[in-house]
Amino acid sequence: MVWVNAIVQGILLGGLYALFACGLSLMFGVMRVVNLAHGDFAVLATYLALAIITGLDVPVLWSALVVAPLFGMVGYLVQRFIIQRSLDVSPVTTLLVTFGLSIVIQNGLLEGLSANSQSLPSGSLASASFQVNSQLSIGYESVIVFAVAVVVLVCLQLFLSRARLGREVRAAADDQEAATIVGVNVRHVYGVTAAIAFATVALAGVAFGMYSSFNPAAGPQRLIFAFEAVVIGGVGSLWGTLAGGIILGLAQVLGSQVDTSFGVLAGHLVFLIVLALRPNGLIPARLS
Amino acid sequence: MIGANGAGKSTLLRTIAGLHRPVAGTIQLDGSDITHLPAHRRVAAGIVMVPEGRRLFPSLSLEENLKLGSTRSRSGAWDLDRVYQLFPWMAERRGGPTVHLSGGEQQAVAIGRALMANPRILLLDELSLGLAPAVVQRLYDMLPALLATGMSILLVEQDVTQALRVSDWAHCLLEGRIMLSGRPRDLASTEVEAAYFGLSKRAVGGGG
Amino acid sequence: MTDTAAVGGRQRVTRSRRSAAWGALVGVVVVAILFSLPYLVYANVTGVLVNLFILVSLATMWNLLAGYAGLISVGQQAYIGVGAYAVFVLAGDGISPFLAIPLAALISALVGLPASFLLLRLRREYFAIATWVVAEAFQLVVVRSNSLGAGAGAPLPGMVGLDPALRQAFTYWAALAVAVAALLGTYLLLRSRLGLDLTAVRDNEVGARSVGVRVVRAKRIVYLVAAAGAGAAGAVLVISQLFVQPTAVFTVQWSAYMIFVALIGGLGSIEGPIVGTVIFFLLQQTLADRGAWYLIVLGAVAVLMAMWVPRGLWGLISDRFGIRLFPVGYWLHGMNPPATGPGPKTESPQA
């Protein structure tokens, strides 16, 4: 029963990773940009949520409704003014610039706030759980996060396949120049893509804060988890990202069943093995 | 616009479409300067290009490819129904991908996609490239009908005979310069040949 | 737009021997002065310089990877850690930590060899993050190993009984030696056949491949050299701190230092990382009592430089004054300015 419990926890954790990774996957699929500050923006969102919760005395879920659209705007601006400029210099520059952003955000948080770990006060949700039987219980929180992840992925999928703007996003991902000559404002479309990615990052940041404690330096590890989920699942495929997140979550939870300190390492090993076997991920697919 | 490989025909077309910025000179449309207008806004101004190699979007269906053409459409007669009227076969395959289409069919989709924007000036780059002669013939037979709707067409072509047959005015480009201009019927074939291969000593126009 | 056909006659190709001679002279004088510093100044000065030398070595190695081989790594801290722990283990076996430095470099390169087979197959973004994951994995392995002091770390053996003044002087000379070796090694490497290969790869990888450049081999050599360099720097680090701890050596902060220094100084030149390191230290000393602010300022400056001054400060300096202390390229003298051709500027005609 310990193992069943671990598998259930692993799958639910995978939902969190997928929620967190889909923005990375989207930006990589459309703009070929890996935002190395992805994790730090999530941590920033978590702190913002904390400020909103404690400042306005509202529940966790309300804070997400403020943080997500706000981060959407931040994402649009970061794309238009920082990432786009880096892309214009060279693809390598985007890596260097986003890495620089990561360090600046991390140390900015460290200076502005304390280095101590904190957690989001999630109130009654934190302890509530489904009691399946005497040994197996599933926390509401992790189920909600998993559900949010699936809903976000479905919405993203619908947006990309149905909406006019989603069509432009796919076109820009396919062939930037061809999209330009049919009248697509590619830079704006990139901005919108980043806005969506950042909004999901904000949601994931809040979810992370509900799951576990956080500190200003938590970003890089989150980025690594997100990237691992994307690569394991296959770049540019949203459902692949969910699969990748679940595989990573399972590897970590099952690994820590073997030995508490082995969990994260097990995830890394799965990632490195996938890279060694298939450098382009398990499900190479187009964005759709 | 005719000329040998590397004469600068495609570069000229891409510059007009806004993909390259000219080093010198201006681009004017109806007297207004559009040199610094971004490429996507030139579509709204009525300049629409069918690029060399078709450049359809592989992750979009045929109909989505066409619909994308109307992103910055001017008001006009061209819409999905009209394109399907022009190419009836497309309607049956509207939901499918474009990667399985033949080269000629893909070229037709690319033209349809451009028409969806209701262009005033349609830029056609290497229309015949890589296509069977019969297919090329069909595409060229369609051009007079397009011209009849009031749009202008700037055609870049290596196939000189084909291009001269359909055009009202021809320019021959060599190493980025216009060597020869005129109505096709006024141009002697030796003259064209000389300009095409750079045998002529006198340059007619300035650089572009 | 260089018209290669015009080469010949009045033109000649040189390797700026005069500039190289001046560079060598300046280099020898500077190294001689730096070598004698422990006799002249207090240990706190040489202590600061040890950190400076470590950073010059690291940034030089990172610049070799990124600026010349196009390999963007954010995981070179993996080899800082390997070098540090190699010294720790060797010192435990009775080998003098100072003599263990070259061995630590060798061990880092050996550890890097299998990793290179995985990493060098990967494309840009994958490579960057995979190097990071490798570093994280190394750290987690060390944390799980009790004989290496696990997560808490352990003091470096083999240093007791040594007179502190002598120890500090030795540490300083070791750091200086590693920095000089890193710079000189990079210079010689780039002036060798491999340097030409790398330049060809950087300019056009497909083209280089087609004329017979063994691209992966060239990149592997650079990767292993960079691993060895980072290992040596890690070895000096642990000797200067007398204590080895996983979070201190495997932290991604090291990558931040290297990248910021290289970006500010200028990628793709040997002088760049030196200039960048000096700026880094000036900033760090100025903002010393303001916590992490130096890193925030440094990061912001590096980001802006990468976006607007991609060739860094040294690029500005050498463009302005036409100086190169470590000339690795070739010079074409007597060229007329290229005639500007007609027509619009082409933006990479190949698809």
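Distance from the C-alpha centroid of the stretch B:168-194 to that of the stretch C:211-272: 61 Å, rounded to the whole angstrom.
Computed from the C-beta positions of C:V141 and A:L70 and an R0 of 30 Å, the FRET efficiency is 0.15 to the nearest 0.05.
Please report C:M305, B:M142 as a ranked list, fewest other C-beta atoms within 10 angstrom at the top and most at the bottom. Mind dumping the intermediate values first?
Numbers: C:M305 25, B:M142 14.
Starting with the residue having the fewest Cβ neighbours, the order is B:M142, C:M305.
Averaged over peptide C:125-138, the number of partner chain Cβ atoms lying within 10 Å of each residue's Cβ comes to 6. This model, with +1 at the C-beta of Lys and Arg and -1 at the C-beta of Asp and Glu, gives the protein assembly as shown a dipole about its Cα centre of some 1520 debye. Between A:V143 and B:S189, the simple label model (points 7 Å from Cα in the Cβ direction) yields a spacing of 8.3 nm. Label positions at B:W89 and C:A300, each projected 7 Å from the Cα along the C-beta direction, are separated by 6.2 nm. Distance between the modelled labels on B:F197 and B:D168, one decimal in nanometres: 3.3 nm (7 Å Cα→Cβ projection). Helical content of chain B, expressed as a calculated mean residue ellipticity at 222 nm, amounts to -11000 deg cm²/dmol (DSSP H runs of 4 or more residues, -39,500 (n - 2.57) each, divided by residue number, nearest 500).
Evaluate E = 1/(1 + (r/R0)^6) for B:T161 and B:R120, where r is the Cβ-Cβ distance and R0 equals 22 Å; express this FRET efficiency to the nearest 0.05.
Details: r = 28 Å, r/R0 = 1.25.
With a Förster radius of 22 Å, E is 0.20.
Taking amide H atoms as placed 1.01 Å from N in the peptide plane, the amide H of C:V244 lies under 5 Å from those of C:A154, C:L156, each 5 or more residues away in sequence or on another chain.
Partner chain Cβ atoms within 10 Å, averaged over the residues of A:106-114 - can you pull that number for me?
Details: counts 7, 11, 6, 1, 5, 6, 0, 0, 0.
The shielding value for this peptide is 4.
The long axis of helix C:312-321 is offset from the longest Cα principal axis of chain C by roughly 50 degrees. Hey, what number do you get for chain C at 222 nm if only DSSP H runs of n ≥ 4 count, each worth -39500 (n - 2.57), divided across all residues, to the nearest 500? Taking each H run of at least 4 residues, the total per residue is -22000 deg cm²/dmol. Ordering B:A110, B:S32, B:A77 by Cα displacement along the dipole of chain B toward the positive end leaves B:S32 in first place; charges were set at the Cβ atoms of Lys, Arg (+1) and Asp, Glu (-1).
How big is the antiparallel share of DSSP beta bridges in the stretch B:2-197, given as a percent to the nearest 5?
Around 40 percent of the beta bridges assigned by DSSP in the stretch B:2-197 are antiparallel ones.
Taking a label point 7 Å from the Cα of A:V89 along the Cα→Cβ vector, which residues of the stretch C:54-88 have an amide N closer than 12 Å to it? Once the point is set 7 Å along Cα→Cβ of A:V89, nothing inside the stretch C:54-88 turns out to lie under 12 Å by backbone N.
Using a 10 Å cut-off around each Cβ, can you sort A:T241, B:T15 from fewest to most neighbouring Cβ atoms?
Numbers: A:T241 35, B:T15 22.
The most exposed by this proxy come first: B:T15, A:T241.
Where in the stretch C:204-233 does the amide nitrogen come within less than 19 Å of the point 7 Å from the Cα of C:R121, taken along Cα to Cβ? From the stretch C:204-233, the list is C:215-221, C:223-224. As a length-normalised measure over Cα pairs under 8 Å and 6 or more apart, the relative contact order of the stretch C:87-188 settles at 32 percent.
Which length gain, in nm to one decimal place, applies between C:S210 and C:A154 when the Cα-Cα distance is subtracted from 0.36 nm times their residue separation?
That pair, C:S210 and C:A154, stretches by 15.0 nm at full extension.
Work out the mean other chain Cβ neighbour count within 10 Å for the residues of C:263-274 and drop it here as an integer. If you average over the peptide's residues, the count of other-chain Cβ atoms is 1. Compute the angle between helix C:77-92 and the longest alpha-carbon principal axis of chain C, please, reported from 0 to 90 degrees and rounded to the nearest 10. Long axis of C:77-92 versus the principal axis of chain C: about 40 degrees. Rounded to the nearest 10 degrees, what's the angle between the helix C:17-40 long axis and the longest principal axis of chain C, both from Cα atoms, 0 to 90? Helix C:17-40 and the main axis of chain C meet at about 20 degrees. Sorted on the mean count of surrounding Cβ atoms within 10 Å across their residues, most packed first, peptides C:277-287, C:206-216 read C:277-287, C:206-216. Secondary structure note: in the protein assembly as shown, about 60% of the DSSP beta bridges are antiparallel.
Taken about its Cα centre, the stretch B:2-197 carries a charge dipole of roughly 520 debye when the Cβ of each Lys and Arg holds +1 and the Cβ of each Asp and Glu holds -1. Estimated from helices alone, the mean residue ellipticity of chain A at 222 nm is -25000 deg cm²/dmol (sum of -39500 (n - 2.57) over DSSP H runs with n ≥ 4, per residue).
FRET efficiency for the B:D141 to C:L188 pair, using the beta carbon distance and R₀ = 56 Å, is estimated at 0.25.
Readers should treat all values here as calculations from the given coordinates under stated rules, not as data from a laboratory. None of these values were measured; they are calculated from a predicted model. Cβ coordinates were reconstructed from backbone atoms using ideal geometry, including for glycine residues, and neighbour counts include every protein chain displayed.
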